[in-house]
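Everything on this sheet refers to the single structure shown next.
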Amino acid sequence: MKKYKFFQVRMGENNPSVIIPAVNQHTGLTYESQQLLGKFTRVMPTGSDHQALCMMVHREDKFAPASGNGVIIRNEILKQLDAP
């Protein structure tokens, strides 16, 4: 198993479904599922990954998955974090 600087547990995903906020005229703020196009990675963060997650912009670099656990992260961001 390859050793990474952050997010040791990760799995590639193509076109993942994520949760996004949506304003509903009658009920106010709600959340709905949206499919992202492209290659992403689902990570299972640990306590030592907290700082890396805080540096990412929510709903641009990182996303909440529509189902399951973890965090969906853009592959470009992980490449930057893994760079020596």
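The values are calculated or read from the model by the stated rules, or taken from the named source; none is laboratory data. If you're wondering where the values come from, they're calculated on a predicted model, not measured in any experiment. Reconstructed Cβ throughout: ideal geometry from the backbone, glycine too, with neighbour counts over all protein chains shown.
Points worth noting:
- Restricted to the range 37-48, and to residues there that are within 11 Å of the chain's Cα centre (by Cα) and not charged (D, E, K, R), the residue that is surrounded by the fewest Cβ atoms within 10 Å (Cβ to Cβ) is M44.
- For the range 21-34, the count of residues that are under 13 Å from the mean Cα position of the chain (by Cα), loosely packed, with under 13 Cβ neighbours inside 10 Å and not acidic (D, E) is zero.
- Cross-chain or 6+ apart pairs with Cβ under 9 Å, the range 1-15 first and at positive phi and of a type outside the set (F, W, Y), then modelled with pLDDT of 95 or more and exposed (fewer than 14 other Cβ atoms within 10 Å of the Cβ): N15/Q35; N15/L37; N15/G38; N15/K39
- The criterion of being assigned to a strand (DSSP E or B), touching a residue at least 12 places away in the same chain (Cβ under 8 Å) and of a type in the set (G, A, S) does not hold for G68.
Per-residue answers, yes or no, for (1) closer than 12 Å to P16 by Cβ; (2) touching a Gly at 6+ places or on another chain (Cβ under 7 Å); (3) of a type outside the set (S, T, Y):
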{"residue": "S33", "(1), (2), (3)": "yes, no, no"}
{"residue": "L36", "(1), (2), (3)": "yes, no, yes"}
{"residue": "L53", "(1), (2), (3)": "no, no, yes"}
{"residue": "V57", "(1), (2), (3)": "no, no, yes"}
{"residue": "P65", "(1), (2), (3)": "yes, no, yes"}
{"residue": "A83", "(1), (2), (3)": "no, no, yes"}
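- Matching strands (runs of 3 or more DSSP E) fully within the range 1-62 where at least 2 residues are in contact with a helix residue (DSSP H, G or I) (Cβ under 7 Å, 6 or more places away or on another chain): 39-43
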